[in-house]
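Some notes on the structure that comes next.
What follows draws every value from the coordinates through simple rules; no lab data is involved. Computed from a prediction, not measured in an experiment: that's the story for all the values here. Cβ placement follows ideal geometry from the backbone for every residue including glycine, while neighbour counts extend to all protein chains displayed.
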Amino acid sequence: MMNETKIDWAEMSWNPVTGCYHGCPYCYARRTAHRFDAGMEDPTPLPGGLHVLDHKIKATPYPYGFEPTMHRYRLDQPERQTEGRTVFVCSMADLFGRWVPTKWICDVLDACQRAPQHRYLFLTKNPARYLELDHLALLPHSENFWYGSTVANMDAVGMYPMPHANINTFWSMEPLLGPVDMDAAEGLPAWVILGAETGNRKGKVIPKREWVDQLAAFCAENEIPVFYKGNLREHFPDLPASALPWEV
Ligand code: SF4
């Protein structure tokens, strides 16, 4: 089923694919998956440590831990939810990771297209995959599809030749790990999310106020709405109100 989410910029999360090989040190999804990992053996694993499940496993949503898994039985869930919601797709994976079979991605995008009552938010650390799919005419340009890229610091900015004029894009700058000069990017997103790292990881980065103010000023100048996450407001309670681009 689709789940209510604590993520404050979406209403539901939906995870037809779980698991990720990026290995980010601050990953909450990996911690969660390992907590529920039943250590099951897959009788028919795919090459590359990938798994496909046709039926729900009652004991745990993560039978193969954080190894990439397609949960095929979840693909009809958006259709079954008739009331339109804002859905974060694959909060427990990177659906566009380079290891994900194109067929899996297409199956998820098709499921979204079959349920146009919802708004879909995708997020990746591998936006090159958006471009690859787009070149193959496999990336829907629907108005209710939002393609997000994680930009934690300047290292990521050079990776983002998005957006195309005719698709909705956003940057999730969460966790913000350093100053970011958005002016250095090739294309600007239509929306920005700013957030801080949660948890108590050794080496956790607390964003500096000047990083946030600089981004806020750039976005104001370029008319880009900004959503300030609750975990950033904990550090800076006086931040301005958040904006969602479909409400502006
Ligand atoms: S990309 Fe996301 S899901 Fe993958 S390891 Fe990093 S934080 Fe976790």
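Data table
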quantity: Cα-based shape type of segment 57-117, given that a ≥ b ≥ c are square roots of the gyration tensor eigenvalues and the cut on a/c is 1.5; calculated: oblate
quantity: Helix runs (DSSP H) in the chain reaching 15 Å along axis by Cα, Kyte-Doolittle at least 0.0; calculated: 102-113
quantity: Cα centroid of segment 169-248 to Cα centroid of segment 45-63, whole Å; calculated: 35 Å
quantity: Global geometry of segment 1-159, whether rounded, prolate or oblate, following the gyration tensor of its Cα atoms and the 1.5 cut on a/c; calculated: rounded
quantity: Percent RCO, i.e. relative contact order, over the chain, from Cα pairs under 8 Å lying at least 6 residues apart; calculated: 14 percent
quantity: Total lysine pairs whose alpha carbons fall under 30 Å of each other in segment 96-248 (8 or more apart, or interchain); calculated: 8
quantity: Relative packing of 120-126, 131-137, which averages over residues the other C-beta atoms within 10 Å, highest first; calculated: 120-126, 131-137
quantity: Within the chain, helix-based [θ] at 222 nm, where runs of 4 or more DSSP H residues each add -39,500 (n - 2.57), nearest 500; calculated: -5500 deg cm²/dmol
quantity: Table column - 3J(HN,Hα) (Hz), segment 43-51, Karplus curve with 6.51, -1.76, 1.60, x for Gly and Pro; calculated: x, 10, x, 8, x, x, x, 9, 9
